[in-house]
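Read through the structure below, which is laid out as structure tokens, and then see the notes.
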Amino acid sequence: LPAKEVADRLLIQYWDAVHYMNRVVHRPTFERQWHSFWQMIHHNQDPPAFLQALVMGILLNAVVSMTEEEIAYELGASKPTLVESFRQGTETALYKANFLRTTKLYTLQALVMYLVSALYV
């Protein structure tokens, strides 16, 4: 999980570059969940697995939508490294959320985000 400032920047990237063409989440609802997620992190609580998966899926899609130059300039890393890191984070969170047996919509949304990201890499 990146620092909150980096994650906030990636969330803006997600809204600008991904959400308009792939509306998997309801923006006002997710923004409340985003705030809740970071409150839990701040208080050293483990967010629910479905929320971890959703956040990681959004961060993964944000990184995939950026160019190598944008990532190097804004985040100081290489795109393949970040994509792989967020892909592994999303996979781990989906596993923890029991994505094969869940009935939670949020986990299914995270799975869709994970699958969509694979189309663009």
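Miscellaneous remarks
- Kirkwood estimate for the range 1-67, i.e. one over the average of 1/r between Cα atoms, Å: 12.1
- Loop-located trypsin sites (Lys or Arg not before Pro) in the range 51-105 whose Cβ has at most 13 other Cβ within 10 Å (DSSP): ARG101
- Ordered by 1.4 Å accessible area with all protein chains kept, ILE58, ILE12 run largest first as ILE12, ILE58.
- Per-residue accessible area (protein heavy atoms, 1.4 Å probe) orders THR90, THR102, THR67, THR81 as THR81, THR67, THR102, THR90, starting from the largest.
- For ALA77, nonlocal amide neighbours, meaning residues 5 or more places apart or on other chains whose placed amide H falls under 5 Å from its own, are ALA72.
- Accessible-area value, HIS26, 1.4 Å probe, nucleic acids and ligands omitted, Å²: 110
- Cubic angstrom per residue, convex hull over Cα atoms of the chain: 95
- When the Gaussian network model of the chain links Cα atoms closer than 10 Å, the mean-square fluctuations of ALA17, ALA72, ALA97 top out at ALA72.
- Selection from ILE12, THR102, GLY57 lying farthest towards where the dipole of the chain points positive, charges on Cβ: THR102
- Each Cα pair under 8 Å and six or more residues apart adds its separation to the average, and for the chain the resulting relative contact order is 33 percent.
The values are calculated or read from the model by the stated rules, or taken from the named source; none is laboratory data. On a predicted model such as this, the values are computed, not experimentally measured, just so you know. Cβ: placed from backbone, ideal geometry, glycine included. Neighbour counts: every protein chain shown. Ligands, DNA and RNA are stripped out before the accessible areas are found, and what is left, the full protein with its side chains, is counted by its heavy atoms. Shrake-Rupley method; radii C 1.70, N 1.55, O 1.52, S 1.80 Å.
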